[in-house]
Each structure stands twice: as structure tokens, then as C-alpha cells.
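Single-structure report; data block below.
Throughout, read-outs are computed from the coordinates displayed, never taken from laboratory work. Since this is a predicted model, take the numbers as computed values, not measurements. All Cβ positions, even for glycine, are placed from backbone atoms using ideal geometry, and neighbour counts span all protein chains on display.
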Amino acid sequence: MKFYDRESEQQLLKEVLDQSKREARMTVLMGRRRIGKTELSQRCGDESILYFFVGKKAESLLCQDFVAEITNKLGVPVLGQANSFAEIFKFVLKLSESRAFTLVIDEFQNFQKVNPTVFSDMQRDWDLWKRKSHLNLIISGSVFTLMKKIFEDYEEPLFGRADEKLTLQPFKTDVLKDILHDFNPEYTPEDLLALFSITGGVAWYVTLLLDRGKTRKNKMLAALTEENSPFINEGKNILIEEFGTDYVIYFSILTCIASGMKTSAEIKNELGIENISSYLSRLEDYYGLISKYQPIFAKESSKKLRYQLDDCFLIFWFRFFFKYQALVENKALKALGDIIKRDYDGLSGLMMERYFVRKFQEEGRYIVGKWWDRKGFNEVDLVVVDPIGKEAWVYELKKDVSRYDEASFKEKVDTMVAQTPELRKMTIHIGLLTKEDM
């Protein structure tokens, strides 16, 4: 698949590259696994790029890889036997005094296990050589918690050293439509919804499906449970390292949320975990996987609090692959495939809602939210507010147009406006959004 989007990120990386010609620059590139960080780092605009991948192996073995990369890419022999990354990093900094180039260090957080002293060693040499060297240093990492700690905890050696920090996001909705159109100009709204539901716009997942000709809804769903499908264990692959020994508890909580449980009380009752709020707080504030939300314009003190899992693919994975892990372990993939086909429509309604929320948020002009009353009898799917123009668009979301009852929906909207003073000052428009509007 060709390279899509990321124009603003590429422009920033090119500006930093120009700045590094005068003085060394450090850019930290973060984002979930599979989002496209490595590919983006290779498109910084430099012709001379060293690529160091920090695998989970002995530091001496890593250094052999790094020395070979320097020799092959720059044609410069590394004198002596470099057995520590600190020696190599100092060598690179000194070398960039006389010639400018880019160094990409990928999966940087793995140094925490390889040799944690690397961070303080780098800080020392970076501070000593930054103003004299012309190194364009791009540091990339996937374990969000560790990367945040390394660069944003003031007690850590590399705190404050990054000149730029980028957190890469999934493809925007318009980009996802462009990509699908390139592969299948005759795609249907159901095809687009399936692509969004499964991938959430994560580059690697989109590539896995479309490069293999899975451009239709049914083919996409069938691909998930093919033999040796990379989707089957993907949730474990990207999260077990984050959670460590507590992963079973966190996985259970995320399965509950992915299955439609929205409140801490529901999750607590399901799992019997007394201190559920502490786990939810860590999932939100430390791991960045869930978020809490309230009815639009509700006060912060409101008890009408709900939780959601933000990553679309993880919703899909926990709802099917982890929930039915017994089928996975027994290689009963055909049975799991049948369950996915059977239950997909129930999930796709939620995903269509997520699609429209993201679509409006991407415009950067609106406050976007939902509304529900205290007892949960009245609920509005989507409220889009223009705070400058003092207008609000209130939408019912229906995959099937025939199920839309305008009179009933208007009653819900009237109840919402009556209970929300901020909306009473605005011009209210009501309407219906369907998959055809995606």
C-alpha cells in the first residue's frame, strides 16, 4: 500500500531536520503499535538515515547491529570494540559534528529492560554535544506508558530534552475513505463501516486487509479468523507488556467495556472486584486506553458517568477474540468466525456512532457529545455544538432508516433541551444520520 496522509507530521519532521543542520535536535514519536511510526520516521526528508531497532536482547548484541548499520550506511568504521550503547551514541554525536545525518532509534523503551542506565548516559552526552553536533535524532516507541515516563516524568534523565513530541493518531475518516476507494472504487457504506470497525484507521490493519484484496465487508470479517491470521493474538501482543502480571484483571475489565458495560457499578458487579475504580483510573490516566464521559454540558460533579474503550480495534478484539478465547485455544476458528458474523451487526451500530463522533471532531469546530437523563430512559446519540454560532445539531443514528421515528426523537430532544440550560440559548436542528451519510 502506498503512503497516505501524515502531511503535517512530515512537514514538522522536515522543519526539525533543517534546524538540526545548525544544532542537534531530538524528536520523540509516540503512538500505539502498528500506527505507522517507523514508516513516518523514514520520511523525515533526510537521505542519510541510520536505523537502530532496540530488540530485547543483550546490549552487546544490539551494539553489533548498530555498528554494522553505521558502517553500511555511512561507510565509517567504528574504531575499537563497542559493547555499550553509550559508546556508540557518543561516537554518533561526535561524527555528526562534521556531517549531518538522521538517527532513528525504534522501540526505544526497550532499553528499560536491556540497560536502564542508557537514559542517564544519553542525557549526559546529549547535553555535552548538542550544540556542537548536527544530529537529527528521532526516538520512537510503542509502549505508551514507558515512553511518557521516560520523557515526561521530571525525575527521569531525559525529561525536557525532546525538542518536539508527536503522538501519531489513526487515519482520519476522509483518508480512510480515500484509501478504500483506491482499492475498491465501488465500495459500499457497509464496506467502509466494516473497515473502520475492524481497524479504527490503524495503518497496519488497513494494509493487512486491503493489500490482500479484502475490500468487502464479508471478506474483511472472514479474514479475521483465517488460519494464521495476525488479528487473533494481536490484543495480547500489544498489551501484555503494558500490563505486566496484572494483565488478566485489565483484560477482564476491557472485555466488559467492549461488551457494552458503561459504568463502574456494572463492571464491579460482573467481575466482583472491590477496588474497580483504581483499575479504571489507571486504564484512563496511566495507560490511556479508556476515557470517561458525561452527558454534554453536564457539571463535573455529575454522577452520570460512563466509560468507553477508545481504540476501535481493541473493542473488536476484546469483544470477540478474548471473550471467546476458548475457541481460539482449541483452534475452533470456524466457530469463532460464525460468532463474529452473527454478532457483528450489534457492534457495527456502536462503531457507526464512533465514526460520526470522530468525523465531527476532526473538523475542529465543534463540541461533540451525547446526552442521557438520570434514569437512562431518554438518550440522544449525537449532539454537535457550534459554540461560536450558537447552533446545535442533534442526531439520531440508525443503520436502518425505517426504524427512525421523528416524533419520538423530537420528544427526546425537547426533554434534553429542557434539562440543559446551555442548549436553550441555541438554535437547535434535529436530524437522522445513516450509514449512507458516512
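For every helix of n ≥ 4 consecutive DSSP H residues, a contribution of -39,500 (n - 2.57) applies; sum these over the chain, divide by its total residues, and give [θ] at 222 nm rounded to the nearest 500 deg cm²/dmol. Mean residue ellipticity at 222 nm (helix-derived): -13500 deg cm²/dmol. Between ASN275 and SER98, the FRET efficiency from the beta-carbon distance, with R0 = 56 Å, is close to 0.45. Counted as membrane-span-like here are DSSP H helices of the chain whose alpha-carbon atoms extend 30 Å or more along the helix's own axis and whose Kyte-Doolittle mean is -1.0 or above; these are 333-362. Farthest toward the positive end of the dipole of segment 93-184, out of THR117, LEU168, TRP129, is the Cα of TRP129, where the dipole comes from beta carbon charges about the Cα centre.
The spread of Cα positions in the chain, taken along each principal axis and listed from longest to shortest, comes to 79, 54, 52 Å. Dipole size of segment 367-437 about its Cα centre, with +1 on Lys/Arg Cβ and -1 on Asp/Glu Cβ: approximately 220 debye, rounded to the nearest 20. Considering only the other residues whose Cβ falls under 12 Å of the Cβ of ILE238, what net charge follows from Lys and Arg at +1 and Asp and Glu at -1? Net charge in that neighbourhood comes out at 0. Relative contact order, whole percent, for segment 234-348 stands at 26, derived from Cα pairs under 8 Å and 6 or more residues apart. The DSSP beta bridges internal to the chain are antiparallel in roughly 35% of cases. Sorted fewest first by neighbouring Cβ atoms within 10 angstrom, TRP126, TRP371 come out as TRP126, TRP371. Over segment 1-72, the fraction of Cα-Cα pairs per 10 Å bin, rounded to whole percents and listed from the shortest bin up, is 16, 41, 35, 8.
The Cβ shell under 13 Å around MET426 holds other residues with a net charge of 0, Lys and Arg each +1, Asp and Glu each -1.
When only Cα pairs below 8 angstrom with a gap of at least 6 residues are kept, the chain shows a relative contact order of 13 percent. The rule of thumb for compact globular proteins, 2.2 N^0.38 Å, goes into the C-alpha radius of gyration of segment 234-348 1.12 times. Computed with the Debye formula from one identical point scatterer per Cα of segment 144-283, without solvent, the log10 of I(q)/I(0) at q = 0.09 Å⁻¹ comes to -0.42. Placing +1 on the Cβ of every Lys and Arg and -1 on the Cβ of every Asp and Glu, with nothing else charged, gives the chain a dipole about its Cα centre of roughly 240 debye.
Taking Lys and Arg as +1 and Asp and Glu as -1, the other residues whose beta-carbon sits under 9 Å from that of PRO170 total +2. For segment 173-224, the Kirkwood estimate of the hydrodynamic radius, built from every pair of different alpha carbons, is 10.4 Å.
With 0.36 nm allotted per residue and the present C-alpha distance subtracted, the LEU128-ARG374 stretch has 82.6 nm of extension available.
Taking SER402, SER120, SER259 in turn, the Gaussian network model of the chain (Cα-Cα springs below 10 Å) assigns the largest fluctuation to SER402. Relative contact order, whole percent, for segment 7-167 stands at 36, derived from Cα pairs under 8 Å and 6 or more residues apart. In terms of overall dimensions, the C-alpha atoms belonging to segment 110-207 reach 58, 28, 22 Å along their principal axes, ordered largest to smallest.
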